[in-house]
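The values are calculated or read from the model by the stated rules, or taken from the named source; none is laboratory data. It should be emphasised that the depicted structure is a prediction, and the values quoted were computed from it without experimental measurement. In this analysis, Cβ positions are derived from the backbone assuming ideal geometry, glycine residues included, and neighbour counts consider all displayed protein chains. Side chains included, ligands, DNA and RNA excluded: accessible areas come from the protein's heavy atoms. Shrake-Rupley method; radii C 1.70, N 1.55, O 1.52, S 1.80 Å.
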Amino acid sequence: MASNESLSAAASVAAIPGIGPTYSHKLSRLQIASVRDLLHHYPSRFLDYRKQTAINEIRPKTDVSFLATLGEAKRFNTKSGKSVTTVTAEDRTGKINLTWFNNPYIGRLIKPGEKYLIAGKASFFSDKITLISATIEPTTGQSLHTHGLVPIYPLTAGISSRFLRQKIKLALAKTTLPESYAASLHAIHFPIDPTDHLAADKRLAFNHHLLLNITNLAEIRKLPPSPDLVIDRVLHRHLVASLPFKLTPGQLKAVENSYPDLTQTSFTHRLIQGETGSGKTVVAFFLAAQALAARQSLCLLAPTKILASQHYQTFLKFGLPKNQVALITGKKPLTKVPPQPTIFIGTHALLTQLPQKLTFPLAAVVIDEQHKFGVKQRGELLTRQPTPHLFNLTATPIPRTLALGLFGEVAITNLAGKPKNRLPVKTWVLDQSRFEKSTTWLKQQVEQGSKIFAVAPTIHGLGEKAGAEKIFKRYQTTCGSFTPVYLIHGQMKSETIEKTLSAFKKAQGGILVATTIIEVGVDIPEADVIIVHGADNFGLATLHQLRGRVGRRERQGYCLLITASKEEAGNDRLRLMSKYHSGLTLAKMDLRLRGAGELFGDRQHGWLPVRLKNFWNKTLFKQAKSVAIALLEKDEPRALAIARRLAAW
């Protein structure tokens, strides 16, 4: 584009001068595709270079900025072959060395005898205080990198904060910004002082909260009433007494928390979070039994045929009448609507096969492991009259639902407790070269009676990333001499998958290579080790679900996260798995790291401003909600128009 042309918010980030296809691809890893995305890529912190330091006052391990005259650049090579460039900086108080490694071009940028603004972290090098890889700028232009509050951004390989500062500054200058955003976007990136930044943070967070509330409240206002039923306490006591096990206090609390939702005439949404083995399914059973008693139906949506079948068998074992429980899958379709209240249990097939109108309407929709379904898929079961109540059962809630829960828009029930004598799964983050040395350890695990899962991010692989088929061949080569190796993935016929799983269960030891097809519904207690290849390709929610496949008996379980990534931020994210074993805690971490997506839109994760300090301000959210209610009640079309303008930014 011409240098004097203005930019639109919706324009591709490639419209910014200096961003071509290569940089566009790299920026996409930060979920930056448009000019708007770039402007909302907020700093994670600032370097405070407002005060210039005299050279004789510079101390090690401090970030400093100063004005100095630079001498001539000198270049030499170390014994190890590193290229080293050194320059002496001098002001009226003293001298200090600046050092760059493997950056021979820096010397071409320096004009000896001229003054430069210099910034960086002071440290010891060759027994002298020096600045390693200092940033320098001539005094003639505007300083973006060496003076004032200098923003530091979340990065990816090949993208630096220096690059982002330059392109964001350019985008701010070239984009026509709405009044409600202009000053705040400038101040969030390039504040004069911290108070400017905090004020901008609060204004931008309020704008986002207002958008969320207008959109959410407008959607709720359109929903038809929900069915309400009377809880049968006699039935409840009978169910508690007739179960083949004693309910834990956590399960009883979750059931009692859920009952009031079914009695409301307005739509309710509850998240029931509990670790693998905590007994979330029994909560759904109690809701189902109460629905049948009230002459209403219920739908339980599971992500896989295996899990749906397990739920079906569980509900029958717990005592629901067989003629009032229907299993619906792709190969077992709903041929006729039952003439009585029914508990519909199934996979994605339920979304298309269940009629919009039922003689005995759905009192509730229960979704097991919600992160396996898209936003639109989950919504399809709610677009009916009356509007069924919604319950999510999960070990790791998706960030979108968790964000709504933290703001009070979704009720959260934490189902505490897990089976006795279960040890936390030890979790290690390893690079590929370290993992390749683990064959002896794997053999020891098999000899001690363990089975092993090995998970790949794809079937066929992509670029340098190996898929399940290639990883399967590797295990056959390295481990096939001491244990059988199996392979399953989503492109296989279900009969083949079931046959392979059966053989794996019966084998002594064994390694099962698979995609995330094993994430839910596969229960093999003898599996004590899971190895996740390309772990940096998965969200924390999926990794926690996969980890839940092992450690299901009293033996120690192990989870190995194998990464090829050299990005420290990505590996830091994976190390959270070593530190935390709570799905709810990890979901909160995922929310802060990845964003919550468009809370009331279609994207599961995305651009929501979780790095804004005031995004987490519940008081501010409630204030925005009050404004949204007033706008909708006074003039709904105008309120929706405001939301559209906010959404455009």
Evaluated over segment 183-225, the Cα radius of gyration and Dmax, each in Å = 15.4, 51
request  = Averaging over all projection directions, find the projected area of the Cα convex hull of segment 292-373 and quote it in nm² with one decimal place.
outcome  = 5.1
Point-to-point label distance, Lys506-Glu436, nm (Cα→Cβ direction, 7 Å offset) = 3.7
ask   = For segment 92-143, what value does the Rg/Rh ratio take when both radii are computed over Cα atoms and Rh is the Kirkwood radius, given to two decimals?
value = 0.96
key: Listed residue pairs exceeding 26 Å between alpha carbons, taken from Lys437/Lys473; Lys82/Lys121; Lys332/Lys465; Lys26/Lys169; Lys51/Lys82   = Lys332/Lys465; Lys51/Lys82
key: For the chain, calculated [θ]222 nm from helices alone, where every DSSP H run of n ≥ 4 adds -39500 (n - 2.57)   = -11000 deg cm²/dmol
task = Once you have all Cα-Cα distances for segment 116-210, histogram them in 10 Å bins from zero and send the whole-percent values.
result = 14, 36, 33, 13, 4, 1
query = Roughly how many Å² is the accessible area per residue of segment 49-181, as a whole number, for a 1.4 Å probe?
reply = 55
query = Where does each of 440-446, 80-86, 211-217 land if you order them by average Cβ count within 10 Å, highest first?
reply = 211-217, 440-446, 80-86
note = Extension length gain for Glu90 and Arg474 (0.36 nm per residue less Cα distance), in nm, is 132.4 nm
message = At most 16 other C-beta atoms within 10 Å and a DSSP loop state: those are the exposed GluC sites (Glu not before Pro) I care about. Give me the longest piece of the chain that has none.
response = 115-435
note = The pairs in Lys357/Lys493; Lys331/Lys579; Lys167/Lys634; Lys357/Lys588; Lys280/Lys579 lying past 30 Å Cα-Cα in this model are Lys357/Lys493; Lys331/Lys579; Lys167/Lys634; Lys357/Lys588
note = Here, trypsin sites (Lys or Arg not before Pro) of segment 92-152 satisfying both criteria (DSSP loop; at most 16 other Cβ within 10 Å) are Arg92
query = Which of the aspartates and glutamates could be linked to Lys506 by a straight reach, that is with a Cα gap under 19 Å, when you skip same-chain ones fewer than 8 residues away?
reply = Glu447, Glu495, Glu498, Asp523, Glu526, Asp528
Inter-probe distance in nm under a simple model that places probes 7 Å from Cα toward Cβ, at Ile220 and Lys74 = 7.0
key: Reference-scaled alpha-carbon Rg (2.2 N^0.38 Å with N residues) for segment 244-313   = 1.15
Per residue, the convex hull volume that the Cα atoms of segment 75-170 enclose (Å³) = 140
ask   = Cα extents of segment 466-545 along the three principal axes, largest first, in whole Å?
value = 32, 26, 26
ask   = In what sequence, highest mean first, do 383-390, 290-297 appear when ranked by Cβ atoms within 10 angstrom?
value = 290-297, 383-390
query = If you add up the charges near Thr175, with Lys and Arg at +1 and Asp and Glu at -1, over every other residue whose beta carbon is less than 14 angstrom from its beta carbon, what do you get?
reply = +1
note = The answer for Leu47, listing residues at least 5 apart or on another chain whose modeled amide H is closer than 5 Å to its amide H, is Val150, Ile152
Spatial extent of segment 145-201: Rg and Dmax, with the Cα atoms as the point set, Å = 11.9, 34
ask   = If the chain between Phe245 and Leu423 were fully stretched, how many nm would it gain, using 0.36 nm times the residue separation less the Cα-Cα distance?
value = 61.9 nm
ask   = Tell me, what is the FRET efficiency for Thr265 and Ser582 to the nearest 0.05, using R0 = 30 angstrom and their Cβ-Cβ distance as r?
value = 0.30
query = How much length is gained on full extension from Thr22 to Ala293, taking 0.36 nm per residue of separation minus their Cα-Cα distance?
reply = 91.4 nm
inquiry  = I want to make sure I understand the PRE zone here: with the label point 7 angstrom from the Cα of Thr156 toward its beta carbon, which residues in segment 510-547 have backbone N atoms less than 20 Å away?
reply    = 534-543
task = Return an integer: the convex hull volume of the alpha-carbon atoms of segment 160-236, in Å³ per residue.
result = 205
task = Rounded to whole Å and sorted largest first, list the principal axis extents of the Cα atoms in the chain.
result = 91, 74, 44
remark   = Both in Å, the radius of gyration and Dmax of the C-alpha trace of segment 119-272 are 28.4, 83
remark   = Of all DSSP beta bridges having both residues in the chain, the percent classed as antiparallel (nearest 5) is 40
ask   = In nm, to one decimal, how far is the modelled label at Ala33 from the one at Glu57, with both set 7 Å along Cα→Cβ?
value = 4.9
